[in-house]
Structures are given as C-alpha cells and as structure tokens.
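Written out below as structure tokens is the structure these notes cover.
The values are calculated or read from the model by the stated rules, or taken from the named source; none is laboratory data. Because the structure is predicted, anything quoted here is derived from the model rather than measured. Methodologically, a virtual Cβ is constructed for each residue, glycine included, from the backbone with ideal geometry; neighbour enumeration extends over all protein chains shown.
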Amino acid sequence: MAPRFGTSGLRGLVTELTPELVAAHVGAFLRACPQGTGLFIGRDLRPSSPALAQVVAETARRAGVPVTDCGAVPTPALALAAMGAGAGAVMVTGSHIPADRNGLKFYLPTGEITKADEAAILAALDHPMPPAPEPAPLSRDTTAGAAWVRRSVTAFGADALAGLRVGVWSHSAVSRDLMIAALRALGCAAVVELGRSEEFIPVDTEAVPEGARRQIADWIAEHRLDALVSTDGDGDRPLLADAEGRVIPGDLLGQITAAAVGAEVVVTPVSSNSGVEAGGRFRRVIRTRIGSPFVIAGMEAAPGRTVGYEANGGFLLGFEARLAGPLPPLPTRDSLLPILAPLSRARAAGGLAALVGREPDRFTASDRLEEVPAERARALVAGLAAQPEPLAAFLAPLGEVPGPTDLTDGLRVTCASGRILHVRPSGNAPELRLYVEAENPDAAGSLLARGLAVLGQALVKMPPA
C-alpha cells in the first residue's frame, strides 16, 4: 500500500513511510494549519510508532513549534489534552490496520482537520517550512490518559457500573490499561483482563472475525461476565459484547449513547443503522459520507445538542452533556463514552441484550474483502451503479431485487425486501467493504456472508487491470 493522504491522515507501509516523507507531511501540516500554543504528539503500540513520533517531534521543533510528547496514549485522550491546551496534535497510528503499516492523524486546536484542511496540506507539500533559528522546546505530558478517564468518571459517577463483571480484551490496544482503570473507578464488581499481547494485533471493531467472536463468547462464559469491552489499536473505536458473547454493532452503540446524553440532532454516515430514524427520539438525523471529517462537517452545520457517530462506533460529542456530572464536549472519535453509556444503562434494562432489544428491529453487519486494489474496487462499484442490469444480476444470487439506490459514498441499495446492501471501496486501505442491514441479526449475518462471497466471485470475473 503506497502512502496515501486522506480522511484518516497519512497511511502506508512502514517501509515506505520514510523520515523524509513523514517530515514533508508534518511540515505541510504546520505550514497550512494553525497549531495554537504548540504541537502535542501521541502514539499507539506498534513497533514502528516511537521512531515515527520522533520524526514528527524533530520536524516540528526545527520549524519553531513547541512540542509536548504525550507518549503512548489513545487518540481521543491526545485530542482532549491538545484541545484543552489550545494546541494542534499529531497521533502516530495505523488504527486497526496490520503492524506492517502505520500513519499520522492530524488535529487542529479545535479538533480534527477538515476536508478543506486536507487540501491545504496537500497544496503545502511543495512549499516546505523554513527552519527556525533554533529548535523549539520539548516537554512531556504523562497526564493525558488519566484526564481522559477522569472526564468519564466525573460524568457517570463512581457507582455507575456497580455490581457488573466486565472483561477487557486488552490485546495491543494503547487504551487497555486506561479502560481497566475507568471500569474500576466506576465501581465494577470485577474487571478481568484477557488476551493481553506484547505483539501488535490489528483489531477492526467494525469487522470482528468469527474466530475472535468465538473467543469473546468463550471468555464471557468462562469468567461469568456481564460484558466484555475492547477498542481498536489507537483507542478511538469501541467494542462491546453482551453476556451471551454477542458483539453489539457500533451504530447501535451510537444510537443508545446519543439517547443517553440527551442529543437532539444526530449526524451519522449513510452506512449506519436506519433505526436511528425509526426510533423517533431525535429531532433531526443528518446522513453523510463515511469518515469522521464528513460527520464533523455535518455537526458544525447543525449546532446545539448535536452528536455524531460512525458504524465503527466512534462517538463524537458536540456539546456539554450532563449525566451524574458534566461531560465536556469531545468532537472527535471516542471509544470510552459509547462503551460506558450502554453499560451504565444495562442494569436498569435487565442486561445489555435487553437494552439492545429496545432498539428498532434493524440490524447491521459489516466486513471486508482484503487486498483488493483501490482501482479494482472502484471499478466494480462503478459497474454495479452504472446500469440496472449489473446490479440486478449481483443481487439475484442473494434472492434480492433492487430498489432505490444511494450513491453518497459507494453504492447503497435498499432492496424490495427492505434489506440494505452497501458496497464501498475503503478510503485508506486496499479493501472492499460491505455493509448490510436486515430485520434480525441472523438475517444480517447470512446476507453479509453471502454478499461477500458474491463480491469475491465478481472480482474474479473482472478483466485484468
């Protein structure tokens, strides 16, 4: 995967993320975007992240920008600390992709960069920052992670999770120790750490493999857990499983959390569960393209008690909510809030499964075909969208008949049965993603498996590039 700059910042193979390339993009960011009081830097637990973070720091200091090194911290914790200090930020992470790849996420003092900022950064690549007369200072901040935890503990209260037995699938998530600390501070009867790894494990909370799902169910049964939680590698996407070992889709976590914080307006991509409209709980629902910059743009256009979330579960809070205590806004993808909000409501509902059962009967599932070149994925989707006949032929083996289509981001078709299939090339990895929605979890799972198989066959039949 050649390095690529876009919605998730800069990403690519570690072998191709050379110091020169990283320095060029950081320099362009510093030239094109405001940094306020300086630049905060964080990183995930990939083997390559410390060295890349050092390149980022040296580039900023040479440009005369003071640097605060926050070390290994979750992305939302870094963003919270930087915004609180009125500073920009760079997070060194490849998120959920494998360890042979990595990347950078860029933040303004006000939060994530926008699509306009992306264009400005790309334009600035040809105009490097002039060096400062002497390097700017370097300081360290070891409090960012604790502040992220404290924000939620203050909001939910020390007994919010009293009596619950919760497992934490730690794997190699940079958020793992902080998740454990938060659960204990919120009164859990037991917090059981599981699956800790010193080697990096890519975990995509939006596409949890069947083997991982079986392991989660086994852990829950073995330790008699009420729930199991985890995140992706950089801690901005949540994973939450109920007492039966079922992983709750991220968009359902978003719906539940939006209601819990008292949102009036919800901004979410076209791939998210349509139950957010069916529930009738929100004054307005705004649909966007996939990617947090599009969600943030939608939130900025609808101020007030506005939240955003994605199908991966990352939740953006655009206003100060009040639960047991105040919950300050954090308009960037966060994993902790959409885990704690459902857990805090589970006891009164009779468990997580019962809480999810109160949501409208629309169920989503998603997965992807990996190692699909972007050009090939885009060509397949364009072919399906071009004329009715190819789409009808694609749906026929699935027993579905096409209905209305939506080309906001990829191809989303609402079938005559009411089921939904959404095919989309990934914006930051060589993957072809499939999102489905159906009337029950089994139907969604079956449709997803069959849909992926048909997509795979279609790719094989395509002529060579």
Only one of these conditions is not met by Ile220: (1) crowded, with 19+ Cβ neighbours inside 10 Å; (2) under 22 Å from the mean Cα position of the chain (by Cα); (3) of a type outside the set (Phe, Trp, Tyr). Which number is it? (2)
So which pairs qualify, if the first residue must be in the stretch 118-135 and assigned by TED's automatic domain parsing to the domain that holds Ala297, the second must be modelled with pLDDT of 90 or more, the Cβ gap must be under 7 Å, and the two must be at least 6 apart or on different chains? none
Just one listed residue, out of Gly195, Gly211, is within 22 Å of the chain's Cα centre (by Cα), assigned to a strand (DSSP E or B) and surrounded by fewer than 24 Cβ atoms within 10 Å (Cβ to Cβ), and it is Gly195
It is to be established whether one or more residues within the stretch 191-207 are touching a Leu at 6+ places or on another chain (Cβ under 7 Å), hydroxyl-bearing (Ser, Thr, Tyr) and closer than 18 Å to Asp234 by Cα. yes
Taking the stretch 242-252 as the region of interest, how many residues are outside any loop (DSSP other than H, G, I, E, B) and buried (at least 24 other Cβ atoms within 10 Å of the Cβ)? 3
Just for the stretch 101-128: of the residues that are of a type in the set (S, T, N, Q) and assigned to a loop (DSSP other than H, G, I, E, B), which one is nearest to the chain's Cα centre (by Cα)? Thr114
For Asn440, all conditions in the list (1) within 30 Å of Gly298 (Cβ to Cβ); (2) surrounded by 15 or more Cβ atoms within 10 Å (Cβ to Cβ); (3) touching a residue at least 60 places away in the same chain (Cβ under 8 Å) hold save one; what is the number of the exception? (2)
So is Gly163 more than 21 Å from Phe315 (Cβ to Cβ), out of contact with any His (no Cβ under 8 Å at 6 or more places or on another chain), assigned to a loop (DSSP other than H, G, I, E, B) and touching a residue at least 60 places away in the same chain (Cβ under 8 Å) or not? yes
Take the residues in the stretch 224-241 that are within 13 Å of Ile201 (Cα to Cα) and outside any loop (DSSP other than H, G, I, E, B); name whichever of them is nearest to the chain's Cα centre (by Cα). Thr231
Give the residue that is surrounded by the most Cβ atoms within 10 Å (Cβ to Cβ), with candidates limited to residues of the stretch 5-30 that are of a type in the set (Ser, Thr, Tyr) and modelled with pLDDT under 95. Ser8
Could you tell me how many of the residues in the stretch 81-110 are buried (at least 24 other Cβ atoms within 10 Å of the Cβ) and closer than 25 Å to Pro137 by Cβ? 11
Residue match in the stretch 81-93 (condition: assigned to a loop (DSSP other than H, G, I, E, B), within 22 Å of the chain's Cα centre (by Cα) and among the polar types (S, T, N, Q)): yes
Which of (1) within 19 Å of Ala57 (Cα to Cα); (2) modelled with pLDDT under 95; (3) not small (Gly, Ala, Ser) is the odd one out, the single condition Ile97 does not satisfy? (1)
So is Gly9 at negative phi, outside the structural domain of Val372 (by TED's automatic domain parsing) and within 18 Å of the chain's Cα centre (by Cα) or not? no
